[in-house]
Amino acid sequence: MALVLLLFVLFWLGRDGDKQESAKPDVKISEFKIPGGVFEDSERMASVKVVEPKDKVQKPAVVERHGIALILDDVGYDLPALRRALAFPWPLTIAILPDAPHAKKAAVLAHAAGHPVMLHMPMEPLSQRYRDQMDASFIRVGMDRDKVRQLMRDALVRVPFVEGVNNHMGSRLTALEKPMRWVMQVCSEQKLFFVDSRTSNNSVAARLARESGLRWGARRVFLDDSIKPEKLAESWRLARAHLAKTGSVIVIAHPHKESLDFLAHLGTTDQAVIVPLKQLLRVAKKPAVAAHSGDSRR
Ligand SMILES: [Zn+2]
């Protein structure tokens, strides 16, 4: 019996020993590291979950749709101009022409600099001046669904990292429901947003993007319809006025030297209102924005 008792006591002591062993931390705090660096105090603090009284718990911050978003169109020809634009200290979205000689390189540069890339999809314009510039990449009136889809697919292969699409020219095509619906179908399949460049007051693009369930937006101001310094300043004032009135403005600029000179000299209060484009995109099935001025020259 004594032997049984002794064995029993030894057994329990052994278990205790195991417990103490397993209760030791596997990793000493001083050795603890996170991927990419040492576990800093600030990060340690951030990882601590503070349980607040219920009435103090704040809801997750809702990103406000407020600000001016800038898209740089017609990118893919002038890489030095693009590099200059990518160095601006505020958010900029880069819209690249699929048939431009440096389309792919431009997309790689923009992406590497942390700027979103858009496909600047060529679409048939009205005026002869612009029609003369149409190449094989343009979606034209009368093309069937397969051809439109093929042009979109080809363009997306030429421009990597695309997150959204806007129309290059298109004052004729964007007024037509059928081809624009096919464009939106491809955007939907590829999970791309769409911004209506609004080169025509008759454009149905924004409405069809919304009806197709895409994130969408519409250009409000062209910065550089004229590249005279006083006209650039006037366009920017117009953008600021729309911002004060509506709280959300999409501005399209082009990589002209004069445009980039103007943007390079924006003051700090102007720079402060520039936000990422994606922050201003609307979610589908919300009421449409009122129609606003657009020119039909493109
Ligand atoms: Zn364009």
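The values are calculated or read from the model by the stated rules, or taken from the named source; none is laboratory data. Since this is a predicted model, take the numbers as computed values, not measurements. Glycine gets a Cβ as well: all are built from the backbone with ideal geometry, and neighbour counts include every protein chain shown.
Some points to look at:
Residues checked against (1) more than 23 Å from residue 283 (Cβ to Cβ); (2) β-branched (Val, Ile, Thr); (3) in contact with a Pro (Cβ under 6 Å, 6 or more places away or on another chain):
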{"position": "126", "(1), (2), (3)": "yes, no, no"}
{"position": "133", "(1), (2), (3)": "yes, no, no"}
{"position": "159", "(1), (2), (3)": "yes, yes, yes"}
{"position": "162", "(1), (2), (3)": "no, yes, no"}
{"position": "181", "(1), (2), (3)": "no, no, no"}
{"position": "190", "(1), (2), (3)": "no, no, no"}
{"position": "202", "(1), (2), (3)": "yes, no, no"}
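- Which listed residue, of 101, 91, 80, 116, is in contact with a Pro (Cβ under 7 Å, 6 or more places away or on another chain) and at pLDDT 95 or above: 91
- Selection status of residue 287, modelled with pLDDT under 95, surrounded by fewer than 14 Cβ atoms within 10 Å (Cβ to Cβ), more than 17 Å from the chain's Cα centre (by Cα) and not hydrophobic (A, V, I, L, M, F, W, C): yes
- Residue check for residue 74: in a loop (DSSP other than H, G, I, E, B), within 16 Å of the ligand (Cβ to nearest atom) and either under 19 Å from residue 158 (Cβ atoms) or free of Cβ contacts under 8 Å to residues at least 12 places away in the same chain (or both): no
- When segment 115-168 is filtered for residues that are assigned to a loop (DSSP other than H, G, I, E, B) and of a type in the set (D, E, K, R), the ones remaining, listed by number, are 124, 132, 135, 140, 144.
- Test: residue in segment 81-96 that is within 14 Å of the ligand (Cβ to nearest atom), small (Gly, Ala, Ser), in contact (Cβ under 8 Å) with a residue 60 or more places away in the chain and outside any loop (DSSP other than H, G, I, E, B): yes
- Listed by first and then second residue, the pairs linking a residue in segment 250-273 that is farther than 15 Å from residue 221 by Cα to a residue that is within 16 Å of the ligand (Cβ to nearest atom) and acidic (Asp, Glu), with Cβ atoms under 6 Å apart and 6 or more places separating them unless they lie on different chains, are 255/78; 256/224.
- Residue check for residue 184: free of Cβ contacts under 8 Å to residues at least 40 places away in the same chain, within 28 Å of residue 243 (Cβ to Cβ) and part of a helix (DSSP H, G or I): yes
- Test for residue 172: is it within 16 Å of the ligand (Cβ to nearest atom) and either buried (at least 16 other Cβ atoms within 10 Å of the Cβ) or not small (Gly, Ala, Ser) (or both): yes
- Matching residues in segment 236-259 - criterion: being within 16 Å of the ligand (Cβ to nearest atom) and either aliphatic (A, V, I, L, M) or not in a loop (DSSP other than H, G, I, E, B) (or both): 250, 251, 252, 253, 259
- Exactly one residue out of 134, 118 is aliphatic (A, V, I, L, M), surrounded by 23 or more Cβ atoms within 10 Å (Cβ to Cβ) and within 16 Å of the ligand (Cβ to nearest atom): that is 118.
- The residue that is nearest to the ligand (Cβ to nearest atom), among those in segment 137-169 that are more than 19 Å from the chain's Cα centre (by Cα) and small (Gly, Ala, Ser), is 137.
- Note on segment 233-259: among residues that are crowded, with 18+ Cβ neighbours inside 10 Å and of a type in the set (A, V, I, L, M), the one that is farthest from residue 82 (Cα to Cα) is 243.
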